[in-house]
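So the structure is just underneath, and the comments pick up after that.
The values are calculated or read from the model by the stated rules, or taken from the named source; none is laboratory data. The structure presented is a predicted model; accordingly, all values stated were derived computationally and were not measured. With ideal geometry, Cβ positions are generated from the backbone for all residues, glycine too; neighbour counts draw on all protein chains shown. Only protein heavy atoms, including side chains, enter the accessible area calculation; ligands, DNA and RNA are left aside. Shrake-Rupley method; radii C 1.70, N 1.55, O 1.52, S 1.80 Å.
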Amino acid sequence: PRRVEQIDTDGPSIPEELPGIDVMAALNRLNGNRKLFHSLLLEFGRDYSHSTEKIMTALDGQRQEDRIAAEDLIHTVKGMAGNISAKQLFEAALDLEKGIKEENRKTWSGLLNHFQIQLDQVLDSIATLPKKEELDPGLIEDGPMDMDRVHLLLAELSALIDARNSKAFNSFKV
């Protein structure tokens, strides 16, 4: 595996160790982009915090569509766990995915329990990170939006895109 030569120090502070997440492996995968990694972690925490409950509900359903929904969610969590280098969660999701495909319902409870333990560890780690609005309080403003400013910024972004200028990517925050 290739190593990142230089890690982006402009991004948010991320501890070198987060239980359940291989921080250095993730930063290597993301070419040292701390801002992107931070964003992916926060999105994961927001989008997948209730995954186990949703999977259990879907598996309790009698329809084939319910089981497919459970399999799809497990597969998605597995992929996202891989993206953020949550290796134990990835393995737990993989095991759960296999267990469901094998249709041995007796194993599902144990597999779901292991999945939940790994998910909770990752979510607890993510909960220690600063939220986007804590990093840049200007991201969330009370009151009316300055539409003249919005139009100006969009015009600048459009010009950069039209010129195929790579600064277009850096000119807006995700």
| task | Find all pairs meeting these conditions: Cβ atoms under 7 angstrom apart; at least six residues apart or on different chains; first residue within region 104-131 and hydroxyl-bearing (Ser, Thr, Tyr); second residue modelled with pLDDT under 95. | result | Thr107/Gly99; Ser125/Leu18
| field | Residue in region 79-95 that is open to solvent by 70 Å² or more (accessible area, probe 1.4 Å), more than 20 Å from Pro19 (Cα to Cα) and of a type in the set (Lys, Arg) present | value | no
| Cβ-Cβ below 6 Å, separation at least six or inter-chain, first residue in region 24-49 and without any contact (Cβ under 8 Å) to a residue 12 or more places away in the chain, second open to solvent by 30 Å² or more (accessible area, probe 1.4 Å): which pairs? | Leu30/Leu36
| query | Taking region 112-131, which residues are open to solvent by less than 40 Å² (accessible area, probe 1.4 Å) and aliphatic (A, V, I, L, M)? | reply | Leu112, Leu119, Val122, Leu123, Ile126, Leu129
| query | Name the pairs whose Cβ atoms lie under 7 Å apart, with the first residue in region 151-167 and surrounded by fewer than 13 Cβ atoms within 10 Å (Cβ to Cβ), the second modelled with pLDDT of 70 or more and of a type outside the set (S, T, N, Q), and 6 or more positions between them or separate chains? | reply | Lys167/Leu160
| field | Of all residues in region 8-23 being open to solvent by 40 Å² or more (accessible area, probe 1.4 Å) and either at pLDDT below 95 or of a type in the set (Asp, Glu) (or both), the one that is nearest to the chain's Cα centre (by Cα) | value | Asp22
| said: If I filter region 56-78 down to residues being at pLDDT 95 or above and in contact with a Leu (Cβ under 9 Å, 6 or more places away or on another chain), which single residue comes out as most open to solvent (accessible area, probe 1.4 Å)? | reply: Lys78
